[in-house]
Amino acid sequence: MSDLKALSEAVVNGDTKTAVTETQRALDAGGSAQDILNEGLIATMNEVGERYSKGLIFVPQMLRSGKAMQECTNLLKPFFQEGEVTSKGKVLIGTVRGDLHDIGKNLVSMMLEGAGFAITDLGVNVSPEKFVEKTREVEPDIVGMSALLSTTMPAMPQTIEALEKAGLRNRVKVMIGGAPVTERYAQKIMADSYASDAGSAVSKAKELLGIS
Amino acid sequence: MKPVDTPTLQPRLKVLSREQALAIHFAALEILEKTGFKMEHPGALEMLAGAGARVSNGDWVRLPADTVEGALKSAPRQITLYDQRGNEAMPLTDGNYFYGTGSDATFTLDLETGQRRRAVLKDAANFTRLVDALENMSFAMSMANPEDVPIEDIYVHVFAEMVKNTGKPIVFIADSGKDIARIYEIACLVTGGAESLRQKPFILNYSEAISPLLFPENVMEKLIFCAEKGIPICLPSGSNAGGGAPVTLAGAMALGIAENLVGLVVHQLVNRGAPFLFGPNVSILDMKSAVVSYGCPEWSLSQAALADMRDEIYGLPVWAFAGASDAKVMDAQAGAEAMFSIISAMLSRANLIHDVGFLEYGSTSSLEMVTMANELVAMSRYFTEGIPVNKETLALEAIERVASGGPGAIFLSDDHTFDHFMEAQFLPKILDRSRYDSWKEAGELNLYQRCNIETKRLLAEHQVAPKTDEVLRGIEQILKTG
């Protein structure tokens, strides 16, 4: 395998331009897209995630690294067959019906994306019906729901119920979060997982899918 | 002839020059005129269009500066909140400051076990009673988002509980135009009718738009309701630096002020002269944890800056926070952060100062924190009142008496000391200055433990002036009609 150190370093520094150049260089040198993805990008992002967890870097730095990784992944995509797995898993995410807050949800999306998940973000005020429709279409591994207001939390169990009625509940893991949401609430409404912040959303998502 | 008294300088904090204040104000106007905002309430949209705003893509609004200036002129410079018996309690005007608790915490530190647990309705009652008992807490907010009431009626139940547990002014939360109408009904019961409530309001609504520049329908319903009924309201939007707003404080303030001005314009279009409390709430999003910080210096600085902008430009009373912390327990961090915001809010003369008693970036409430803050406010007030300099306080006669009084003459036993010590010194009640041995004998209690004991005593002994049976029956009726 050609030297991916420069690529890795560029991703760590959030230097998208250099990262893309290095990805192209690695491809031109005959490196396999799979190796570049696994060893150059995903491994680096794991390291970035770890540095964040240890408090060594800040959120904007991590997001910048995630963006660099994303650009490089796009460059690699043509080298993969259709249907070949290039992500850790598919996540469908949205802020629930009645709630228009999206900063937390967007942060979770970006962090998951940076960690190698494929994200479909439905935005805010997403009805249970919309979650169902998109779950059918996207076939995600995880459905993520966010709420900032306690008054909109009931839309979470309503969405879970809608997934059940549509016969989709068993095909997905449901993960919830947001300021008023608690572990106990997640258990009460039979969600599969609760994440208290964007960082733990990544580890919880990995846990749910049994990956590292 | 009586000599002229030397006026006492009462220290006041300034953090912005006039040029800085104007630059932020003009930036806010530019945001509204050039960038615009999303208004999801059809009625408000129509009013704005009628007042000269340009509307595009259905609900995107651009607002000319002169419409904003008009609203700034018609809003009252002074808002007075009354207690529930109709006595003037909180004249919110440029030099006055009032502290009170905060809204809606998900968790609370249990008074008995010290453990963090989910908040229940009884907590809202206890926090309100504690506010009623504490001399430096001027108004109550619920401090609890209780899990034991139906979620769709949560704010009505919480408000009813607060009314039963204090006679002081109440700052309340509502979800939309529906529940605010029922809360209003309860408030009318207390004052004996809508007109007396309008004349002497004891309630103020706290609502939030969404940064950046989004005005949801349910939020505007509350704003319009309050404007119509003459209920004071404030409408910050979460323009926290790095979260809903740019990471730099100047930009975050400009955005937050722009958003406040949108609320103000709609409010004044509904009812010119209705009371509107100004204040964008600019804290920061922490760059490690992504929480909105309640202990950071940035929030204190931005509200000091807002107070300067009030003095230089707006003239409207301002909303602020203090006495809160990001610490998870009431430890040294909690004390340091609480004091930092309490004294800086006072020195900059912020008017209505909420969130006293919050831990964990506003997610957990602590009764002990409120009790501690009550004393920190007293300590800050002592400092802020300055040093009166006059014949009595210069005390030259006392100096002469003691100096020439021979052996045994000490200031401690002089009449001057007896006459003045109560107001000349700050006399702490909870902060401990006892000698080591007595502290040890008294059980080596730290501040948290002493606040715990004092809080329990207050909750056990304090009597809240009860509401009449008629009011209580009326409240039950309103709660039942759901």
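When you count, for each residue, the other Cβ atoms within 10 Å and take the mean per peptide, how do B:88-94, A:49-55, A:148-154 rank with the highest first?
Top to bottom by mean Cβ count within 10 Å: A:148-154, B:88-94, A:49-55.
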Which order do A:I142, B:I203 fall in if you start with the one that has the fewest other Cβ atoms within 10 Å?
A:I142, B:I203
Let me make sure I get this right: for the range A:128-212, a, b and c are the square roots of the gyration tensor eigenvalues over alpha carbons, sorted descending. Under 1.5 in a/c it's rounded, otherwise prolate if a/b > b/c, else oblate. Which is it?
oblate
In nm, spacing of pseudo-spin labels at B:E88 and A:E164 (7 Å Cα→C-beta vector)
5.9
Dimensionless Rg over Rh [the range B:134-199; C-alpha; Kirkwood]
0.97
If we sort B:135-144, B:352-361, B:413-422 on the protection proxy, mean other Cβ atoms within 10 Å, highest first, what's the order?
B:352-361, B:135-144, B:413-422
Give me a comma-separated list of calculated 3J(HN,Hα) values for the range B:461-470, in order, Karplus coefficients 6.51, -1.76, 1.60 applied at θ = phi - 60°, integers in Hz, x for any Gly or Pro.
9, 5, 9, 8, 4, x, 7, 5, 4, 4
Counting Lys and Arg as +1 and Asp and Glu as -1, each charge on the Cβ, what is the dipole of the range A:90-209 about the Cα centre in debye, to the nearest 20?
220
Zone of A:E183's modelled label, taken as backbone nitrogen in the range B:344-385 under 20 Å from a point 7 Å along Cα→Cβ:
B:360-365
By how many nm would the segment from B:N446 to B:E392 lengthen if fully extended, with 0.36 nm per residue of separation less the alpha-carbon distance?
15.7 nm
Report relative contact order for chain B in percent, whole number only (criteria: Cα-Cα under 8 Å, sequence separation at least 6).
19
What do you get for Rg/Rh over the range B:4-100 if you use C-alpha atoms and the Kirkwood form of Rh?
1.13
Alpha-carbon radius of gyration plus Dmax, which is the widest Cα pair, for the range B:74-142 in Å
15.2, 51
If you build the Cα gyration tensor of the range A:5-79 and take the root of 5 times each eigenvalue, what three semi-axes come out, in whole angstrom, biggest first?
22, 11, 10
If you plug each phi of the range B:90-103 into the Karplus form 6.51 cos²θ - 1.76 cosθ + 1.60 with θ = phi - 60°, what whole-Hz ³J(HN,Hα) values come out, in order, with x for Gly and Pro?
9, x, 7, 8, 3, x, 8, 10, 9, 9, x, 7, x, 8
If you average the C-alpha positions of the range B:326-344 and of the range A:95-162 separately, how far apart do those two centres end up, in angstrom?
35
Amide H contacts of B:A241 (H built 1.01 Å from N, under 5 Å, at least 5 apart or other chain):
B:S283, B:I284, B:L285
Across the protein assembly as shown, how large is the tail of the calculated P(r) beyond 44 Å, expressed as a percent of all Cα pairs?
30
Once amide H atoms are placed 1.01 Å from N in the peptide plane, what residues at a sequence separation of 5 or more from A:Y194, or on another chain, have their amide H within under 5 Å of its amide H?
A:I176
As an exercise, find the ratio Rg/Rh for chain A from alpha-carbon atoms, using the Kirkwood inverse-distance average for Rh.
1.01
Taking +1 at the Cβ of each Lys and Arg and -1 at the Cβ of each Asp and Glu, which of A:L41, A:C72, A:P60 sits farthest along the dipole of the range A:22-95 towards its positive end, judged by Cα position relative to the Cα centre?
A:P60
Of A:V174, A:A118, A:M153, which is farthest on the positive side of the dipole of chain A, counting Cα position, with +1 on Lys and Arg Cβ, -1 on Asp and Glu Cβ, and the Cα centre as origin?
A:M153
Contact order relative to length for the range A:5-79, counting C-alpha pairs under 8 Å separated by 6 or more residues, stands in percent at 47
A student applying the Cα gyration tensor rule (rounded when a/c is under 1.5; otherwise prolate if a/b is larger than b/c, oblate if not) would label the range B:72-384 rounded
Where does each of A:156-163, B:285-292, A:103-110 land if you order them by average Cβ count within 10 Å, highest first?
A:103-110, A:156-163, B:285-292
Please give, to one decimal in nm, the separation of the simple spin-label points placed at B:R18 and B:E112, each 7 Å out from Cα toward the Cβ.
6.1
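Rounded, prolate or oblate: which fits the range A:65-141 when a ≥ b ≥ c are the square roots of the eigenvalues of the alpha-carbon gyration tensor, with rounded for a/c under 1.5 and prolate only if a/b beats b/c? Write out the running numbers ahead of the final one.
Numbers: a/c = 3.25, a/b = 1.52, b/c = 2.13.
Because a/c hits 1.5 or more and a/b fails to exceed b/c, the range A:65-141 counts as oblate.
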Normalising by the residue count of chain A, find the relative contact order in percent from Cα pairs under 8 Å and 6+ residues apart.
17
At 7 Å along Cα-to-Cβ for each site, give me the label-to-label distance between B:L479 and B:D331 in nm.
3.8
Put +1 on the Cβ of every Lys and Arg and -1 on every Asp and Glu Cβ in the range B:58-187; which of B:A174, B:N96, B:W60 then has its Cα farthest towards the positive end of the dipole?
B:N96
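We did not get these values from a lab; they are worked out from the coordinates using the rules stated. Note that the coordinates shown come from a computational prediction; the quantities given were computed from them, not determined experimentally. All Cβ positions, glycine included, derive from the backbone under ideal geometry; neighbour counts span all protein chains shown.
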